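*Asks:* Pasting in a structure now, in structure tokens, and then I'll have a few things to ask.
The values are calculated or read from the model by the stated rules, or taken from the named source; none is laboratory data. Predicted, not measured: the structure shown is a model, and the values here were computed from it. Don't worry about glycine lacking a Cβ; one is built from the backbone with ideal geometry, like all the others, and counts go over all protein chains shown. For accessibility, only protein heavy atoms count, side chains too; no ligands or nucleic acids. Shrake-Rupley method; radii C 1.70, N 1.55, O 1.52, S 1.80 Å.
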Amino acid sequence: DSGDTRMITVEIRKDESGLIASIIVSGHSGYKEEGADIICSAASTLVYTAIGALDDLCGLSDFYRISADEKSEIFLSQEELAKGKESVSQIILQTTRIGFLQLEMSVFEDYGDQYVRVIEIIDEKLEV
């Protein structure tokens, strides 16, 4: 681990039962310059697809932030989390999680481990 800040970090925060409460994506892979970076493009596609699906299929609002400092956050309310593992929002976030894990593995195999890191955190403080 180089500790290089030029990396996409994906933080997936879950409760003890495995419900995903938030996905935070930050950084830039540094693989290529902005606009030509296929790794950042893939990560952005996953984020925007999750946001679009949560909006369109679940009717959620005010559940994400995209800031100018290369940070995107998707977070579910306690009310949405209470719907459980079979809810559409959980299926969307679990699918997004799988997409990021596949991206991490694919990038690792093709380009190395310095571009994408997925971190899964179980937060005992999350209550549903």
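*Asks:* 5 Å is the cut-off here: which amide hydrogens, built 1.01 Å from N in the peptide plane, fall below it relative to Ala21, excluding neighbours closer than 5 in sequence?
*Replies:* Arg13, Lys14, Asp15
*Asks:* Here is a follow-up. For the Cα atoms of the chain, what angle does the longest principal axis make with the long axis of helix 88-111, in degrees from 0 to 90, nearest 10?
*Replies:* The helix 88-111 is inclined about 20 degrees to the chain.
*Asks:* For the full complex of protein chains and a 1.4 angstrom probe, list Val88, Val25 by accessible area with the highest value first.
*Replies:* Descending order: Val88, Val25.
*Asks:* I've got another one for you. Which value in nm describes the separation of the simple spin-label points at Glu16 and Glu73, placed 7 Å from the Cα toward the beta carbon?
*Replies:* 2.5
*Asks:* Considering amide H positions built from the backbone, and no H for Pro or chain starts, which residues 5 or more places from Val116, or on another chain, come under 5 Å of its amide H?
*Replies:* Ile8
*Asks:* Could I ask something else about it? Tell me, what % of the accessible area of the chain is carbon and sulfur with a 1.4 angstrom probe?
*Replies:* 49
*Asks:* At a Cα cut-off below 12 Å, give the aspartates and glutamates reachable from Lys125, other chains included and same-chain residues fewer than 8 away excluded.
*Replies:* Asp15, Glu16
*Asks:* Just the number please: accessible area per residue for the stretch 1-79, 1.4 Å probe, all protein chains included, in Å².
*Replies:* Value returned for the stretch 1-79: 56 Å² of accessible area per residue.
*Asks:* Can you tell me the Rg and Dmax of the stretch 53-128, counting just the alpha carbons, in angstroms?
*Replies:* Rg and Dmax of the stretch 53-128, Cα atoms, are 14.5, 40 Å.
*Asks:* How charged is the neighbourhood of Ser44? Take every other residue with its Cβ under 13 Å from the Cβ of Ser44, and add Lys/Arg as +1 and Asp/Glu as -1.
*Replies:* For residues surrounding Ser44, the net value is -2.
*Asks:* Separate question: Can you give the local net charge around Ser26? Use residues other than it whose beta-carbon is closer than 10 angstrom to its beta-carbon, Lys and Arg +1, Asp and Glu -1.
*Replies:* -3
*Asks:* Turning to a different aspect of this structure: Hey, what angle do you get for helix 38-58 against the long axis of the chain, alpha-carbon based, 0 to 90 degrees rounded to 10?
*Replies:* Tilt of helix 38-58: around 10 degrees.
*Asks:* Given the -39500 (n - 2.57) contribution per DSSP H run of 4+ residues, what per-residue ellipticity at 222 nm results for the chain, rounded to the nearest 500 deg cm²/dmol?
*Replies:* -12500 deg cm²/dmol
*Asks:* Continuing with this model, one more query. So what's the convex hull volume per residue for the Cα atoms of the chain, in Å³?
*Replies:* Once divided by residue count, the hull of the chain is 111 Å³.
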